[in-house]
Amino acid sequence: MILNKSTIDTLPTPDKGYSIHWDEKMAGFGLRVTSTGAKAFILQRRINGIDKRMTIGRYGDLTAEQARKQAVKLAGDIASGGDPIAEKAKKKIESKKLSEAFETYFERRTLKPQTVFDICRCMKEVYPDWLEKPMTRITPDMVVKRHKEYGQAHSEARSNLAMRYLRAIFNFAAAEYTTAEGKPVIDGNPVKKLSQTKSWHRVDRRQTVIKSHELGGWVNAVLALPGEDMRDYFMTVLLTGMRREEALKLAWADVDMVGKTFTLRDPKNHQDHTLPMSDYLFDLLARRKAVSVADVVFADSQGRKIGNFRYAQAAVTKASGKAFCIHDLRRTFATIAESLDIPAYALKRLLNHANGADVTAGYIVADVERLREPMQKITDYVLKMAGLKETAEIMQLKQTRD
């Protein structure tokens, strides 16, 4: 059969699947007809020792003669060592938009909702005009310029963070989008130029804590808050070193009032973390549990998880003269622990910090009960500084008869 308009128009439609009709004038050139009646020109050739079939175009968009000319050109490219299929796939990947790469990244990775929120926020704030650009059109000079401009106009810390996220996406794309030979199509990471030119903004890590002489005023200001939910939340974070969201997500199902322990599920390092309660925390949780109507510990009387700490923070700041953010309480917990000479490994365990390259720590199994004394020592220190606990132990001496 010679493929032309008259022969193509008379071809039958298969009941299911598809049928192929080969052209007598050119070997490997044919027409595929599907059960839906769609017709498309194809070319079959051996590429790198493997028979491969490629679609040239739909009948109607192309005439038989136009399709045959394209087939001849493709066959010539293949004879010269080319691979039109691989080249087409490469061009498709090279046109991959930044927003598409982010979507794939979110699908492939297991990320916390807050992390996804932060990434999306950075994208929309720092480089919203890049999202519909092909990744291959985002150059190192563009990155350096945007990083500098956003840092100067808005926030150096957020500019750094946004570019770290961008770097992660390009590293991901290099592994995800590859040729048939396994070579990365998106080769090179434009964010590297920030390191090569030492252009990262220098942002000092926040080190604010509530100092020892400020603790008394701060704790008493917290305890004077009108609502017990905010009082209990602030005190719990200070006395445990929990992160903001860890405390908010703490569920009653993970609080053991018999063993006097509580467990943080899926924290930052994704390893469930069990800690002991100090006496003060036990009494606080027992009181809350007696009246709680929610699944989580820190919920209001209607069972809604608490939030919006702004007004409570402002009230405590005004009363104590000490401005603070929630994470300052975690830093304060760690600072107090160090001042009490609590062993470094115990402190790491209390804060649930990863051991990293610390080989020795990998051999130490920190039993929860071994952390009870350090946890109690930190609580006692805070309460003593606030005047809520005697500064020295008082022992009753037995009288002896002469």
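The helices (runs of 4 or more DSSP H) found wholly in the stretch 1-97 and carrying at least 3 residues that are in contact with a Leu (Cβ under 8 Å, 6 or more places away or on another chain) and not charged (D, E, K, R) occupy 64-79. Suppose we filter the stretch 210-239 for residues that are over 32 Å from the mean Cα position of the chain (by Cα) and either crowded, with 17+ Cβ neighbours inside 10 Å or not charged (D, E, K, R) (or both); how many remain? Qualifying residue count for the region: 15. Residues in the stretch 113-137 that are charged (D, E, K, R) and in contact (Cβ under 8 Å) with a residue 12 or more places away in the chain: Asp118, Glu125, Glu132, Lys133. Can you tell me which condition Ala323 does not meet? The list is (1) in contact with a Ser or Thr (Cβ under 9 Å, 6 or more places away or on another chain); (2) at pLDDT below 90; (3) in a loop (DSSP other than H, G, I, E, B), and all the others hold. Only one criterion in (1) in contact with a Ser or Thr (Cβ under 9 Å, 6 or more places away or on another chain); (2) at pLDDT below 90; (3) in a loop (DSSP other than H, G, I, E, B) is unmet by Ala323, namely (2).
Only one of these conditions is not met by Gly30: (1) touching a strand residue (DSSP E or B) at 6+ places or on another chain (Cβ under 6 Å); (2) surrounded by fewer than 15 Cβ atoms within 10 Å (Cβ to Cβ). Which number is it? If we test Gly30 against (1) touching a strand residue (DSSP E or B) at 6+ places or on another chain (Cβ under 6 Å); (2) surrounded by fewer than 15 Cβ atoms within 10 Å (Cβ to Cβ), just (2) comes out false. If the condition is being assigned to a helix (DSSP H, G or I) and free of Cβ contacts under 8 Å to residues at least 24 places away in the same chain, then the stretch 288-315 contributes Ala290, Val291, Arg310, Tyr311, Gln313, Ala314.
Against the test of being over 30 Å from Ala319 (Cβ atoms) and small (Gly, Ala, Ser), the options Ala221, Ala253 yield a single qualifying residue, Ala253.
The values are calculated or read from the model by the stated rules, or taken from the named source; none is laboratory data. Everything numeric in this text was worked out from a predicted model, so none of it was measured. No Cβ is skipped: glycine too gets one built from the backbone with ideal geometry, and neighbour counts run over all protein chains shown.
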